[in-house]
1. For the chain, which semi-axes, largest first and in whole Å, follow from the square roots of 5 times the eigenvalues of its Cα gyration tensor?
2. Where both residues lie in region 15-177, what percent of DSSP beta bridges are antiparallel, nearest 5?
3. Would you mind computing Rg(Cα) / (2.2 N^0.38 Å) for region 15-177, counting N as its residues?
4. Taking the Cβ of Val108 as the centre, find all other residues whose Cβ is under 13 Å away and add up their charges (Lys, Arg: +1; Asp, Glu: -1).
5. With a cut-off of 8 Å between alpha carbons and a minimum separation of six or more residues, what is the relative contact order of region 15-177 in percent?
6. Calculate for the chain the 222 nm mean residue ellipticity that helices alone would give, adding -39,500 (n - 2.57) per DSSP H run of length 4 or more and normalising by residue count, nearest 500 deg cm²/dmol.
7. Could you sort 193-204, 256-267 so that the peptide with the highest average Cβ count within 10 Å comes first and the rest follow in order?
8. Could you compute the net charge surrounding Asp176? Neighbours are other residues with a C-beta less than 11 Å from the C-beta of Asp176; K and R count +1, D and E count -1.
Amino acid sequence: MAEVLKRRGICFVDSAMLIDLVGVDDLPEMSEGRWPVEVFDNWRMPVYLNSLHYKYAIKCDFDFLCLAPYDLADLQGFSETFSAVTFKLDLRREHLDEDAIRAANIDVTYDIAQSTYFNVGFVAVNCADYCVRNVYSEFVEKYVAFSTFDPLITNSEQAVFSFLEGSGLLSVREIDPNYNVRITTLPPVREDGRADIRNLHFLTQNKPWLPVDFRYFDRYVPIGRTSVYLYREYWLRAARADDLFDKYVHVADDELSLLGPMVKVLSAHIAYGHGR
């Protein structure tokens, strides 16, 4: 694998090299049970990169597919801690409420019902500001405190970062939503007919490298989330060009296998429309 990464110009950094910060092994897992604690090593990396004099970095999850070039002005040269796609969210929806915050002996200094929230799947990081603000240590402290009080906080990694932003312990600059388009949504279409997407985020159980999954299909139809099946082909098309595709991806990707979900989606929407 080391040779494969080298051939693609990817420099792999072993987490064992991140020795200057508290490790992640003793941190509690997030309540959903979908992610190992090692995902928190992502938040040790900006400190490591800053030590190598990198000014900016991009944290990007593995379930992203880039479809259009980035504007570097969005991802570097900013003074805030992060650049990310943001929206307002009441953190009480994630079970992070005032009781949890006070139980952790932390003051509530802002209206958590109007928290600035962001998906951390794609985030540009100002490494210097990140280190000056000691963001990793603040994150670990709050994450452990909140998780200890209520282990059922949902999306707790993101909830804690949102809390840190609201408390003034980090800052976030908003970037265009096209940097983080979830496959459960349909993006705007530009005047030239092109979909307004830079990154597709396969943020569902329907990962395109796994067999197609219809378990939530009936739920997706009335709320317009069948786009998860439409986007599948784009990932497969990109991945199929890699010489490792057949080694790691074992799903049917012939024309009929790709057409099948499309027929199912179209038929379901026609039936749903007639039944309304």
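No lab work stands behind these numbers, since they all come straight from the coordinates. Model, not experiment: these values are computed from the prediction. When we count neighbours, we look across all protein chains shown, and the Cβ atoms used for this are built from the backbone with ideal geometry, even at glycine.
1. Numbers: eigenvalues 227, 122, 71 Å².
Semi-axis lengths for the chain are 34, 25, 19 Å.
2. Numbers: 11 of 14 bridges.
Taking every DSSP beta bridge within region 15-177, about 80 percent pair in antiparallel fashion.
3. Working: Rg = 15.3 Å, N = 163, 2.2 N^0.38 = 15.2 Å.
Rg over 2.2 N^0.38 Å, computed on Cα atoms: 1.01.
4. Numbers: positive: Arg92, Arg102, Lys142; negative: Asp97, Glu98, Asp99, Asp107, Asp111.
Every neighbour counted, the sum reads -2.
5. Numbers: 239 pairs, mean separation 53.0, N = 163.
With pairs under 8 Å counted, the relative contact order is 33 percent.
6. On the way: 12 runs with 100 residues, N = 276.
For the chain, the value works out to -10000 deg cm²/dmol.
7. Details: 193-204: 17.4, 256-267: 13.5.
With the highest mean Cβ count within 10 Å placed first, the list reads 193-204, 256-267.
8. Details: positive: Arg198; negative: Asp71, Asp74, Glu174, Asp196.
So the surrounding residues net to -3.
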